[in-house]
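The structure appears below as structure tokens.
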Amino acid sequence: MRNILIVIDMQNDFIDGSLGTKEAEAIVENVKNKIRSYDPSDVIATMDTHESNYLSTQEGKYLPVEHCIRGTEGWKIRVDITEVLQNAAVYEKPTFGSTALAEHLRQVAGQEAISLELIGLCTDICVVSNALMLKAYLPEVPIRVDASCCAGVTPDKHLAALETMRSCQIEVI
């Protein structure tokens, strides 16, 4: 079975930028070590990607903090994480979950047995959204989330998201 790692939104704005937290900063070394534990060809990353009109979007009205605006420093994946990602495929996504990633992984799963592991930011927004979407697209593919490589908007929301994923048959390690 091929094990694929999905690194969710390890971007500057979520680590120490406009939406950064001390919890996000604290997982960086764990994330780099997890990436190193995988074959580089089995690592995929996502990037939250917004345009300059972000504040006029539905998401921007609910979360009126500019972040991950294409081309800005905050949009970029943190440099030390980029170095260990090597040449990983990267999916830019304009919202919480990536349908393009889910479609790609459905094609891969049609050709070979796979399992998925998700890590990254934020547990309670983009990690849980992608995990649940992937479970819907690939109900028979084992999916797990490494809690030590994730951080939520708050510690309580992180724990709530982990519990939601457990309830939906996603293994939390």
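The values are calculated or read from the model by the stated rules, or taken from the named source; none is laboratory data. This one's a predicted model, so the numbers in the text were calculated from it and none came from an experiment. When we count neighbours, we look across all protein chains shown, and the Cβ atoms used for this are built from the backbone with ideal geometry, even at glycine.
Within region 80-103, at least one residue is surrounded by 19 or more Cβ atoms within 10 Å (Cβ to Cβ) and among the β-branched types (Val, Ile, Thr).
Those residues that are part of a loop (DSSP other than H, G, I, E, B) and of a type in the set (D, E, K, R), I need them from region 83-133; list them, please. 112 - this is the single residue of region 83-133 that is part of a loop (DSSP other than H, G, I, E, B) and of a type in the set (D, E, K, R). Could you list, in sequence order, the residues of region 18-37 that are of a type outside the set (A, V, I, L, M, F, W, C) and either at positive phi or touching a residue at least 60 places away in the same chain (Cβ under 8 Å) (or both)? Correct list: 21, 23, 30, 34. Within the set of pairs 6+ apart or on separate chains, which have a first residue in region 1-17 that is at positive phi and modelled with pLDDT of 95 or more, a second that is outside any helix (DSSP H, G or I) and surrounded by 24 or more Cβ atoms within 10 Å (Cβ to Cβ), and C-beta atoms under 6 Å apart? Short answer, once both residue conditions are applied: 9/46; 9/48; 9/120; 9/121. Within the option set 136, 45, 102, 89, being touching a strand residue (DSSP E or B) at 6+ places or on another chain (Cβ under 9 Å) and over 26 Å from residue 23 (Cβ atoms) holds for one residue only, 89. Within region 52-79, the set of residues being loosely packed, with under 13 Cβ neighbours inside 10 Å and not β-branched (Val, Ile, Thr) comprises 52, 53, 56, 58, 61, 62, 64, 71, 73. Among residues that are acidic (Asp, Glu), over 20 Å from residue 142 (Cα atoms) and touching a Leu at 6+ places or on another chain (Cβ under 7 Å), residue 42 is not included.
Scanning region 67-88 for residues that are within 19 Å of residue 50 (Cα to Cα) and either of a type outside the set (Phe, Trp, Tyr) or in contact with a helix residue (DSSP H, G or I) (Cβ under 6 Å, 6 or more places away or on another chain) (or both) yields a count of 11. Considering region 127-137, and only residues there that are aliphatic (A, V, I, L, M) and surrounded by fewer than 19 Cβ atoms within 10 Å (Cβ to Cβ), the residue that is farthest from residue 7 (Cα to Cα) turns out to be 136.
Does at least one position in region 34-46 carry a residue that is buried (at least 18 other Cβ atoms within 10 Å of the Cβ), of a type in the set (Lys, Arg), outside any loop (DSSP other than H, G, I, E, B) and at pLDDT 95 or above? The answer is yes; a qualifying residue exists.
Do we have any residue at all in region 151-163 that's more than 24 Å from residue 106 (Cα to Cα), part of a strand (DSSP E or B) and not hydroxyl-bearing (Ser, Thr, Tyr)? The answer is yes; a qualifying residue exists. Return yes or no: is residue 13 under 21 Å from residue 129 (Cβ atoms), of a type outside the set (Gly, Ala, Ser) and part of a helix (DSSP H, G or I)? For residue 13, the condition - under 21 Å from residue 129 (Cβ atoms), of a type outside the set (Gly, Ala, Ser) and part of a helix (DSSP H, G or I) - is met. Just one residue in the set 71, 60 is farther than 14 Å from residue 11 by Cβ, free of Cβ contacts under 8 Å to residues at least 24 places away in the same chain and out of contact with any Lys or Arg (no Cβ under 6 Å at 6 or more places or on another chain); that residue is 60.
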